[in-house]
Structures are given as structure tokens and as C-alpha cells.
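The values are calculated or read from the model by the stated rules, or taken from the named source; none is laboratory data. What you see is a predicted model, and the numbers here were worked out from it, not measured in a lab. Cβ coordinates were reconstructed from backbone atoms using ideal geometry, including for glycine residues, and neighbour counts include every protein chain displayed. When the accessible area is computed, the model is the full protein with side chains, heavy atoms only, and any ligands, DNA or RNA have been set aside. Shrake-Rupley method; radii C 1.70, N 1.55, O 1.52, S 1.80 Å.
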Amino acid sequence: MKILLTGGAGYIGSHVAAALVSSGHDIVCFDNLSNSEAGVMDRLEAITGTPIPLVKGDIRDRDALDKVFGDHAVEAVIHFAGLKAVGESVAQPMRYYDNNVRGTLTLLEAMSDCDVKTLVFSSSATVYGSPSYLPIDEEHPTSATNPYGRTKLMIEEMLADVAASDPEWRIATLRYFNPVGAHDSGLIGENPNGVPNNLMPYISRVAAGRLNELSVFGGDYPTPDGTGVRDYIHVLDLADGHVAALDAIAKTERPLSTWNLGTGQGYSVLDMVKAFERVNGVRVPYRIAPRRDGDIASCFASPERAERELGWKASRGLDAMCASSWSFEHMLAKRNTD
Ligand code: NAD
Ligand code: UFG
């Protein structure tokens, strides 16, 4: 299939690009490079042995979308493009609604007009709000506690309405839990600008001496060691989940499907720190700091529906997540000194 990846130069998009090429798909990436760089395409070529076209453009630009659909015989879209920093979304809500919600609406209009009606959308476990039970299955009630989460919920609602309006649509909403880790090659991974918000890149930078110590946000949660518990999923497993979802919606009669992509296993912040130290033979100094606003104690998935309906199950454990994050950190350091 010929697949358009919006946000294809980003962290998750680039790993999915590599997985799709290995599965025999033909892809084109569309990205405004607001949180990525064009150099990732050379690294993807080194990984896959195939040059992958990157079209620089914005999903809010209807003309640019029409051109990419006109130039390439696109059959399906995987839609990663979006802004994703919770704190930033609180400070700049309009930017988030504009980029994420208006951007998605523009993309849907362009798709509909050129009769491309197969879509995989990057949603998030954030749509479950504060969990009322664990593990979280897809029937868990949804809510949002910040503008970023509300953009994901609004888009999910928009997709449900679009799917209900026309039975030809085949839409998969994938609710990611906590993607971490990097490609085995060490060539692509998560490289946030500025000080990382997320745990794993922060741990890597502390271990590398680029940051002094990790602040563990909260040591008094009702969890086994008092620190927050999350469902960390290796980005390569997540990527395989996209390939499986795309295959599944190509066969299903259902216009809309929703799947959790998680492992079902929760680990605490201190579990992550200890695993990273053990696997990589490094030290990660930390101190217990106050809780972070908006954080919840525990969040982990029931991945059963994805296993049953997609035949997909995460297979990589914590050690592989920690080892690949550290290899990528090394590669970044090398790239910066070359
Ligand atoms: P990322 O920032 O690395 O990738 C997003 C890409 O989209 C970037 O390359 C960016 O330049 C591009 N982009 C942003 N706005 C755009 C626009 N208007 N037009 C064109 N391109 C645009 O983020 P990621 O971690 O790869 O996340 C991908 C998707 O997955 C996002 O929608 C995010 O909300 C969702 N998600 C991520 C996580 C996570 O922890 N990483 C968790 C749940 C959901
Ligand atoms: N944490 C720390 N110190 C840090 C960073 C994080 O202790 O410096 C803790 C957090 O308090 C939390 C855990 O590490 O307990 C994970 O935090 P992340 O920021 O890595 O991830 P979140 O679970 O808060 O959120 C992530 C994405 C969201 C997404 C959500 C569910 O950032 O966008 O997973 O998919 F919605």
C-alpha cells in the first residue's frame, strides 16, 4: 500500500516508517519539521536501504495536502502530526487547538475530497483521564484534564462522527501508553528540544551527564514504592502495532476501531531508574521532588483487544527499552562531536 505519514519525521513516525518499509509498504512522509529535522530521512534510508520521500508541509495547509495527494497515489494515511507537550498546551491552548484539531480537520477534508478513506490516528492514554479502574480497557470512560488531552478527545469525537457519516471510512484510533526506547541501529530515537518533559529522555541525559539529577515527581503515591506507575512500551513494538492495525482495517467491515497499544505491565519511576542503571552500567542520581501538577498515580493498559483483534502483542521488555535509549544517547553524543 502507498501510505502517507503526517509527522513522519518525528519520534514515533520515523520508527513506523522503518517498520512499514520492512513490511513492503511504499511510504511518503509529510512534516513541517516543527519538532524534527530533515536529517532523519537519511538515517531512515541507512536503516531501510530505501530512500523515503519527505514533503515539507503543514497539515493546516490545504493546498500543500492537495498537492501531496495529487503527486502520490496515496491509499492510506497514518496521522502522527501534532503538538504533544502537556504543560505547553496549558500555556498556549489556542496553538494546540489550531495545530491539532484544525490540522486534523483539514487533513480529513483533503482525504475525503480525494477519496482516501483509510486512516490510522495517533491518540493517547491521556484520553482516559484519571483512571477509575486498572488495567484500562478501551471501554473505560474518557475525559481530559488539559488542552492537549482535549485535542485528542475532540479529534476522536470528530473521527467517530466522520466514520458514522460514511461507511466507506476505515479509521483506527490507536491509544498509545508510554512509548520509550529507540531503533536497534541507534540511528533514530527520541531527541526532544530543550529539557525533556518525559521520563526516559530525562534519565538518559542524567546518565550522560548532560543534566545533573532526575527529579522524581512524588514519592507518596499509593503505589508499591510511592512513585508513579506507567505502562512503558518499546517504540518498535508500537511501530509493529501500526502495521498490524493497518492490515486489520484493510480487511474489516467496521468504519471505526479503537485499540490500546500498551504492554499491560506497569513500572514505577524507581523501577525505570534501577533498570536503566543495571542494564547500562551507569548511575542515575535522583531526588524525590514534589508531585507534578496533573500527574496520576498509576496508568496501565489492558492490551487484550489488540492481541485478540490485531494478533499483536508487545514483546520487548524493560531491558531492551533501557539499552536502546542509551545506545541512541551515545549516537547523539557522537553526532554532536563529529
Ligand atoms: P514528535 O513531535 O516527535 O512527532 C510529531 C511530528 O509532527 C514532528 O515531526 C513535527 O514536526 C510534526 N508536526 C507537528 N505539527 C505539524 C503540522 N501542523 N504539520 C505537519 N507536521 C507537524 O512526537 P511523537 O512522540 O512522535 O508523537 C507522534 C504522535 O503521537 C503525536 O500526535 C502525539 O500526540 C502522539 N502521542 C505521543 C506519545 C508520546 O509519548 N510520544 C504518547 C501518546 C500519543
Ligand atoms: N517523571 C518524573 N520525573 C521526570 C519526568 C517524569 O518523575 O523528570 C515521572 C512522572 O511523574 C510519571 C512518569 O515519570 O510518573 C512518566 O512521566 P512522563 O512525563 O514520561 O509520561 P506521562 O505518563 O506523564 O505522559 C506521557 C505523555 C503524554 C501521554 C501519556 C499517555 O507525555 O503525552 O504518556 O500516553 F498522554
Taking the range 107-162 and keeping residues away from ligand 2 (no atom under 12 Å from the Cβ), in contact (Cβ under 8 Å) with a residue 40 or more places away in the chain and β-branched (V, I, T) leaves V116, T118, V120, I155, V162
Can you find, within the range 70-88, the residue that is most open to solvent (accessible area, probe 1.4 Å) among those that are at pLDDT 95 or above and within 21 Å of G294 (Cα to Cα)? K84
Of (1) open to solvent by 40 Å² or more (accessible area, probe 1.4 Å); (2) over 28 Å from D225 (Cβ atoms); (3) touching a Leu at 6+ places or on another chain (Cβ under 9 Å); (4) aliphatic (A, V, I, L, M), A306 fails just (1)
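Quick one: in the range 99-133, of everything that is among the aliphatic types (A, V, I, L, M) and over 19 Å from the mean Cα position of the chain (by Cα), which residue is farthest from ligand 1 (Cβ to nearest atom)? Show your work before the answer.
Filtering the range 99-133 down to residues among the aliphatic types (A, V, I, L, M) leaves 101, 105, 107-108, 110-111, 116, 119-120, 125, 127.
Checking which are over 19 Å from the mean Cα position of the chain (by Cα) leaves us with 105, 108, 110-111, 116.
Working: L105: 12, L108: 14, A110: 12, M111: 15, V116: 17 Å.
Here the answer is V116.
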Quick count over the range 1-56, residues being in contact with a Pro (Cβ under 9 Å, 6 or more places away or on another chain) and of a type in the set (V, I, T), is 3
Within the range 267-303, work out how many residues are within 17 Å of W326 (Cβ to Cβ) and either open to solvent by 60 Å² or more (accessible area, probe 1.4 Å) or of a type outside the set (V, I, T) (or both). 13
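Can you tell me which residue in the range 102-115 is nearest to T142 (Cα to Cα), limited to those that are surrounded by fewer than 18 Cβ atoms within 10 Å (Cβ to Cβ) and not basic (K, R)? Spell out how you get there, then give the answer.
Of the range 102-115, the ones surrounded by fewer than 18 Cβ atoms within 10 Å (Cβ to Cβ) are 102, 105-106, 109, 112-115.
Next, from what is left, pick out any that are not basic (K, R): 105-106, 109, 112-115.
Values: L105: 21, T106: 24, E109: 26, S112: 27, D113: 31, C114: 32, D115: 30 Å.
Checked the range 102-115; the qualifying residue nearest to T142 (Cα to Cα) is L105.
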Note down all Cβ pairs under 7 Å where the first residue falls in the range 215-232 and is charged (D, E, K, R) and near ligand 2 (Cβ under 9 Å from one of its atoms), the second is at pLDDT 95 or above and part of a strand (DSSP E or B), and they're at least six residues apart or on different chains. R230/N178; R230/Y267; R230/C299; D231/N178; D231/C299; D231/A301
If I27 meets every condition in (1) open to solvent by 30 Å² or more (accessible area, probe 1.4 Å); (2) away from ligand 1 (no atom under 13 Å from the Cβ) apart from one, which number is that one? (1)
Among the strands (runs of 3 or more DSSP E) contained in the range 134-226, which hold 3 or more residues that are within 15 Å of ligand 1 (Cβ to nearest atom)? 170-176, 178-180
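When the residues of the range 164-194 are filtered to those that are among the small types (G, A, S) and open to solvent by 10 Å² or more (accessible area, probe 1.4 Å), which remaining residue is farthest from A306 (Cα to Cα)? Outline the logic, then answer.
Residues of the range 164-194 that are among the small types (G, A, S), as a first pass: 164-165, 172, 181-182, 185-186, 189, 194.
Applying the additional criterion that residues be open to solvent by 10 Å² or more (accessible area, probe 1.4 Å) yields 164-165, 185, 189, 194.
Details: A164: 22, S165: 25, S185: 27, G189: 24, G194: 35 Å.
So the residue we want is G194.
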Are any of the residues in the range 229-239 more than 21 Å from T142 (Cα to Cα) and among the hydroxyl-bearing types (S, T, Y)? no
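Please state which one of I47, I3 is more than 13 Å from ligand 1 (Cβ to nearest atom) and surrounded by 22 or more Cβ atoms within 10 Å (Cβ to Cβ).
Numbers: I47 fails: surrounded by 22 or more Cβ atoms within 10 Å (Cβ to Cβ).
Every option except I3 fails the conditions.
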Check off (1) surrounded by fewer than 21 Cβ atoms within 10 Å (Cβ to Cβ); (2) within 22 Å of R316 (Cβ to Cβ); (3) not hydroxyl-bearing (S, T, Y) for A207 and give me the number that stays unchecked. (1)
